[in-house]
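Chemist: Quick one: the structure is below, questions incoming.
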Amino acid sequence: MTSAPSAAGSPASAYAPALSQLAARLGEAKGTVAHHLGVLTEAGMVRPAHSRQVRGGTERYHERTFRRLVGTDTDAGATAALLGAYAEELAGDPDPLVHLRHLRLTPAQAQHLRSTLDELVGEAEEAPPGQARYGVLVSLYRHPPAVR
């Protein structure tokens, strides 16, 4: 899934994880994570948020530069990573809302549903800092011909 920063809004994240936190969460070396953060920074997807002095050095924090990701292409590896991150977040919610439904739709119905979902998610107003954060993952996709 190739994702690009949405034109909508400023950074939505008040939470900016430190490099060491990212490395620990991903199970990767700090140097590897730092390299990839550099690539993401160069691509404009993240930016340095701030840094602070800690015993043994400087802890650097990064934040995303966009409010939402919109997938334009499919890539099985990227989709698996996205769904893995989704599963981790979902596990922490005691009362999540999850729907998976298969529908038969005309092209016009599919386009209408796509537009409606995109508008609903894109125009949702965020509460001020300090309120609970919620994740919203929306997907509308066609089944491969063999599965229909």
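Chemist: Give the number of residues within segment 104-134 that are among the hydrophobic types (A, V, I, L, M, F, W, C), surrounded by 10 or more Cβ atoms within 10 Å (Cβ to Cβ), free of Cβ contacts under 8 Å to residues at least 40 places away in the same chain and in a helix (DSSP H, G or I).
Modeler: Of the residues in segment 104-134, 4 are among the hydrophobic types (A, V, I, L, M, F, W, C), surrounded by 10 or more Cβ atoms within 10 Å (Cβ to Cβ), free of Cβ contacts under 8 Å to residues at least 40 places away in the same chain and in a helix (DSSP H, G or I).
Chemist: Name the residue, out of Ser10, Ser3, that is in contact with a strand residue (DSSP E or B) (Cβ under 8 Å, 6 or more places away or on another chain), at pLDDT below 75 and under 20 Å from Gly122 (Cα atoms).
Modeler: Step by step, each of Ser10, Ser3 is checked, and only Ser3 is in contact with a strand residue (DSSP E or B) (Cβ under 8 Å, 6 or more places away or on another chain), at pLDDT below 75 and under 20 Å from Gly122 (Cα atoms).
Chemist: So, one more: Looking only at segment 17-43, which residues are at pLDDT 85 or above and not in a helix (DSSP H, G or I)?
Modeler: Those that are at pLDDT 85 or above and not in a helix (DSSP H, G or I): Gly27, Glu28, Ala29.
Chemist: Also, quick follow-up: Quick one: in segment 39-64, which of the residues that are surrounded by 12 or more Cβ atoms within 10 Å (Cβ to Cβ) and over 18 Å from the mean Cα position of the chain (by Cα) is farthest from Ser20 (Cα to Cα)?
Modeler: Of everything passing the filter in segment 39-64, Ser51 is farthest from Ser20 (Cα to Cα).
Chemist: For the structure I just gave you, tell me whether Pro145 is within 25 Å of Pro17 (Cβ to Cβ) and exposed (fewer than 10 other Cβ atoms within 10 Å of the Cβ).
Modeler: So Pro145 does not fit the description; no.
Chemist: Is segment 87-102 home to any residue that is of a type outside the set (A, V, I, L, M, F, W, C), touching a helix residue (DSSP H, G or I) at 6+ places or on another chain (Cβ under 8 Å) and either exposed (fewer than 13 other Cβ atoms within 10 Å of the Cβ) or in contact (Cβ under 8 Å) with a residue 12 or more places away in the chain (or both)?
Modeler: Yes: segment 87-102 contains one or more residues that are of a type outside the set (A, V, I, L, M, F, W, C), touching a helix residue (DSSP H, G or I) at 6+ places or on another chain (Cβ under 8 Å) and either exposed (fewer than 13 other Cβ atoms within 10 Å of the Cβ) or in contact (Cβ under 8 Å) with a residue 12 or more places away in the chain (or both).
Chemist: Search segment 116-148 for residues being within 21 Å of Phe66 (Cβ to Cβ) and polar (S, T, N, Q), and hand back the single one that is nearest to the chain's Cα centre (by Cα).
Modeler: Ser139
The values are calculated or read from the model by the stated rules, or taken from the named source; none is laboratory data. Here the structure is a predicted model, which is why all the values come from computation and not from measurement. Positions of Cβ are generated from backbone atoms using ideal geometry, with glycine treated the same way; all protein chains shown enter the neighbour counts.
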